[in-house]
Each structure stands twice: as C-alpha cells, then as structure tokens.
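Every number here is computed from the coordinates shown, using simple stated rules; none is lab data. Remember, it's a predicted structure, so these values are computed and weren't measured experimentally. Note that we place each Cβ from the backbone using ideal geometry, even for glycine, and neighbour counts take in every protein chain shown.
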Amino acid sequence: MLQRMAIFLVSILAVSQCFVEIGIVAQQPDETYRAQEHYDKSIHWIPMRDGTRLFTIIYSPRDSGREHPVMLFRTPYSIAPYEQDKFHRVLGPSPLFAQDGYIFVYQDVRGKFQSPGTFEVMKPLRVKKDGDDSVVSDESTDTYDTIQWILDHLPNHNGRVGQWGISYPGWQTVMGMIDAHPALKASSPQASPADMFIGDDWHHNGAFRLMYTFHWLARNAAFREGPRSVRGSPVFRYGTPDGYQFFLDLGPVSNANHRYFNNRVPTWNEYMRHGTYDAYWKKRNVLNYLGEISHPVLNVAGWFDAEDFYGPMEIYYRIEKNLPKNKSTLVVGPWRHGGWSRGTGASLGDIRFHSNTAEYYRNEIEFPFFRYHLKDIGSPPGSEAIAFETGSNIWRRFDHWPPRNVTESNLYFTSDGKLMFDQSDNQGNAFDAFTSDPDHPVPFSAFVRNTQGHTWMVEDQRFASRRPDVLVYRSEPLEEDVRIAGPIIAHLKVSTTGTDADWIVKLIDVYPGDAPDDSPRSQEVRMGGYQMLLAGEVMRGKFRNSFEHPEAMVPGEVTVIEFDLRDKLHCFRRGHRIMVQVQSTWFPVIGRNPQRFVDIYHATESDFQTANHRVYHSDQHGSHIKLQILPN
C-alpha cells in the first residue's frame, strides 16, 4: 500500500512539473458571472461599400467611462438570439472575455439569416475593375467596412480589434486578415478551411467527401427568399439513421439533385460542374492571398478534426513561408472539429488524454493571446508551436514546426502482413492483392449514423481490419517508445485492373491485449487490442500526377501513388504496435470511385465496376510510410 501511494505521489509531482514546464497558470472563469448584469445589447444595420446593410448585434460593457477593445465574430450560422432581451450564451471565445471587459460584435454575413444579399459559399476575393473596387464587395471588404463603422460609431473603444472564428467563421477570420483594416491587431482563425479541392471539407486530394458535403450544403446553402431569423425547413429528410444504406441507395452522385435537391441547392450543382482543380477552385484557395499578413495570428487546429485539418496547418505554413518574422503561433490539440471551444477536452470517443486540454487552451493560450495584443496585459503564448503529444498525453512547445530535430524513417510493408523499419525482408516481386467492389464498400465507421459525426477519427478499426478488401500490416510490439512529429507520407507501389481507383491509407496505434478498459463512453468497450485510428487520408488515383489534368491508370501497370496523411505529434508507447491499413473505399465519407476513368460527378450505374488491386512490397517496389521520428 505504501509503495503504491509513493508511486502515485511521484506521478502527481511529474504531472505538476510538466504543467510548470509548459507554463500553465491557474485561470478559471467565474461560474457565477452573468453577462446580462454587466453588458448592454444593441442592434445595428451596418452599411457596406456596395450599400448592403449587414445585421449586427453588439454587446457593450456598462462601465461607460472606460475604453475596451473590440472582439469581432462574423458567421453564416446565425448570431441568435435576435430578441433584444436575450443574450448570447457565451460572449467572446470563452467566459473569461466577458469578465475581463470587451465590446463584442456579432454579425450575420451577407445572405444569411437577418442580413440581406446573396450568400455565396466560400466567396472568392473581388476582382478589381479599372483600378476601382469601391463598390465591389467580398468578405474581406465586408470585414474592413464593419471595423471602420465600429471605430466611427461606437463609443468607449480603445481603437484595437480582434477577430476569431471556428470552421466557416474561421475562414471569415482569414478573409479579415487579407487587406486587413489597420485597427485589426490580432486574429485567431480556428479550423479554417483553405483549399476545398486539395484537403478540406468538400474534397481530399480530389476525392469527393460525399456524406459531409451533401449534409452541409443541404443544411446551409439552400436557396432562400429573404432574411429570416431561423434556418428554415430542411431541403430533404434522410428517412433513416443508416447513412451507409442511404448513400448506397442514392447511387451515383449525379442522382442527388433530381432525387433530393431539385435545384434548391445551387452550390451542389456548381460543384458537379467542376470535377477537376480548375479556376473555380483555385480562386477560392485562400493560400493564394496570404502574402502580407503582418499582425499577430493564433492559428488553431485539432489532431482529429475530420473537416478542416489541412486548412489551419497550410495557413500556418504559408504565413511562415511568406512572412517568417510574423508573430504567429500554431496550436494543435487532441480535439475534434471545434472541440477546443467547449467542454474539458479530457477525452474523445474511447480515448482519454488525462488532462483538461480544451480548458488549458482557452484559459492559458487563447485568452492571454488576445489580452496581450488588445490590452497590453500579460504576455503572448511565447512559442512558435504549442502541441499536444497524444499517446504520452503531454503538451509540448517548439520553436519551429515541424520540430528541427526529427529523423525521417521509412516503415516498410513486408510479407505476411508485417511492418518493419528494415526492408531486408522484401524479396522478389512480392505483392498483396484484394478485390474492391463499389457495391460493397468499406464503411468508415462501425456505428449506424446518417451524418459522419466527430469521434470516428479515433475510432477502433477492428471492424475494418477483418474485411478481405482491407490490407493490414502491423509491427511487432514496440520495445521502446516511438515518437512521430510532422507530416506522414504514404508511398505506395500499386496496380489495378481498372483505369482509376481510390487509395486510402490509415495509420493506427494498436493497444496491447491487457490494456485497461477505461473508455469514457462505456465500461463495455474493450480496450485490449484496440486499433486507434491516428491518421487517414485518400488519394484519387487519376489525380496522382496532377489535380488539374487527371490521367487514367494503366491496367496492370505498377504505379507510384504518394500522398500526405498530414501532420501528427504522437507517441506509440512501448508494448503497442504500429499498424497500417490500405483500402480503396471509405464509405460514405468518400464518394465511390467507379474504378473506371470517367467524370465521376456525371457517372451512371453502368460505369461502376469491380476491380482487383495489388500493393507491392518487393525490394524493387517497396511500399512504405515515411515518418518523422523525434528522439526519446
């Protein structure tokens, strides 16, 4: 008993020392604080340069004799409640902001809810005409005009504005950073999409993200007749909780409009006309416009964000490349999409992280960031990158991302389903084969659901590893911890009997057989042998060489397929195994590939065919995963 108590105390001291090293300071919001008692709410119609007036709600501190900075939030998702006597549930990014004193400005973007105009999904930046863009508007100019109106009409501001947002509001924040108003002193784009064809919501490496795009556009981009304070009736109803069967019954994506949308979702029809990386997608890529971001930026991402992980990482990389002296910070934690903004962040799905990661971010990173840059109080985050290392479950700080001291190592597929850092086992023309049938695709989740949900990015993959159309490679139990930090690259040598195919690679942490059953979801979840999805990505074969100019695959020809599974910071613990799964369907997260070289958006039932695929792992054609290894 005394020995166990001593071990427990040592563990507590070690965790406490870890917290000291990363600079955690006890900072908790006052749970008894009620913003209604300290703020006034006012409603405004703020004019834009083209004459459109955007509906805006402002919450101002009642201590009228003091000056406060402004926190701006622009969204297509509604700034309700719209009633004069009702308040937003939390003012600002977290409760600490209202207690500290800010002017909060919430705005419905044009064409959404109470704001007039036409909503255009990911509206591209304006094109100047004859050198005069005074009456041409976009989300960048709308942000600029809103800030200027605030400075001209609101009393008791200190002349400094901060902007934040998650997901689409995160993209609105990025738009505000471009050609920014001089008063914008701090921005925090969080889970912002960047490129909707290469890596964010609608596509990954040209592969159509069917389930999410279908649901999001139907819910958020349907035609409306005018301003309103509610979302409106849904364009369609699934009629079943079984999304796998629903989308299988849909057939080719070309059926969606006439079966369910009936031209009421015009953006869907636009997407169906742009099946390659053409000018339509390129002009909506925000990475092309980040050349002059001079004010401080707090860029936030979640390791297990199924919607927008590519975006925030690439936005950070692009700003660092264009302006390396910019005061930008990257924060990545063990979160789902937007999971850092609410809850404790102590777990996700079946996985525990053994600390309140979301609370730490809100209280010790986000709040001090804005407070320092808008009020000159305290200090900034102080590190180039602040990231949570999953597996070991610790926060780590870096002066560069990816860390400079990593070593690239290849993890090779070998015979008998082995995974090894040594390729010497590969002999001859070795390969593994499987049959991919579009009528029986591999599901992305073991759960019955009609929307993709947010926990499947750490879900147990045993349901997939037991299918004959999923190749499985795994290491021996690790004799020591293996830490990875940075991008994960899949390098496949493959062939197919078809002329196109999707290639999905998943990197998985396999728990030892005696792992304790500590899932926060249920005591019935068995964690022994749990196959935790760590990273997964898809490459549509026809885009292997160019997203602009797709090429058919040659039946039977060995072909290189290489793509990025995106960055991770993870520790595979001693006794765990590393696993890689390779498959060609991931349904219905990714729409089915007919496995024939066609325009998939206009494919018919007769275009879909079964194909036989091979993944090679010989000494001549060695398929492998490239990992960036951190020293222990």
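Quick notes
- Over the residues of the chain, the helix contribution to mean residue ellipticity at 222 nm works out to -5000 deg cm²/dmol, using -39500 (n - 2.57) for each DSSP H run of at least 4.
- Net charge in the neighbourhood of residue 608 (other residues with Cβ under 13 Å of its Cβ; Lys, Arg +1, Asp, Glu -1) is -4.
- Calculated P(r) tail over 14 Å for region 300-364, as whole % of Cα pairs: 58
- Over 35 Å [Cα-Cα, the chain], rounded percent: 43
- Computed magnitude of the charge dipole of region 407-630 (debye, nearest 20; Cβ of K, R +1, Cβ of D, E -1): 260
- Between the helical axis of 2-22 and the longest alpha-carbon principal axis of the chain there is an angle of about 60 degrees.
- Relative frequency of Cα-Cα separations exceeding 21 Å in region 407-630, percent: 56
- Mean shadow area of region 371-472, taken as a quarter of the surface of its Cα convex hull (nm²): 12.2
- Distant-in-sequence amide contacts of residue 618, defined by a placed amide H-H separation under 5 Å and a gap of 5 or more residues or a different chain, comprise 430, 623.
- With 0.36 nm allotted per residue and the present C-alpha distance subtracted, the residue 515-residue 246 stretch has 93.2 nm of extension available.
- Nonlocal amide H pairs with residue 586, under 5 Å, H built at 1.01 Å: 442
- Using only Cα coordinates, the Kirkwood hydrodynamic radius of region 198-276 works out to 13.6 Å.
- For the residue pairs 185/626; 283/321; 325/375; 325/506; 112/321; 282/542, alpha carbon separations beyond 29 Å are given by 185/626; 325/506; 112/321.
- Relative to the Cα centre, the charge distribution of the chain, modelled as +1 at Lys and Arg Cβ and -1 at Asp and Glu Cβ, gives a dipole magnitude of about 900 debye.
- Remark on residue 48: its backbone amide H falls under 5 Å from those of 53, 54, a criterion applied only to residues 5 or more positions apart or on other chains, H modelled at 1.01 Å from N.
- Region 238-328 shape via C-alpha gyration tensor axes, a/c threshold 1.5: prolate
- Sequence-ordered 3J(HN,Hα) estimates for region 317-328 from the Karplus curve with 6.51, -1.76 and 1.60 and θ = phi - 60° stand at 4, 5, 5, 5, 5, 6, 9, x, 8, 4, 7, 10 Hz, glycine and proline given as x.
- GluC sites (Glu not before Pro) within region 470-546: DSSP coil, no more than 10 neighbouring Cβ in 10 Å: 479, 480, 524
- Protection proxy ranking of 48-56, 462-470 - average other beta-carbon atoms within 10 Å, highest first: 48-56, 462-470
- Between the Cα long axis of helix 168-177 and the first principal axis of the chain there is an angle of about 60°, rounded to the nearest 10.
- Burial ranking of peptide ranges 153-163, 234-244 (average Cβ count within 10 Å, highest at the top): 153-163, 234-244
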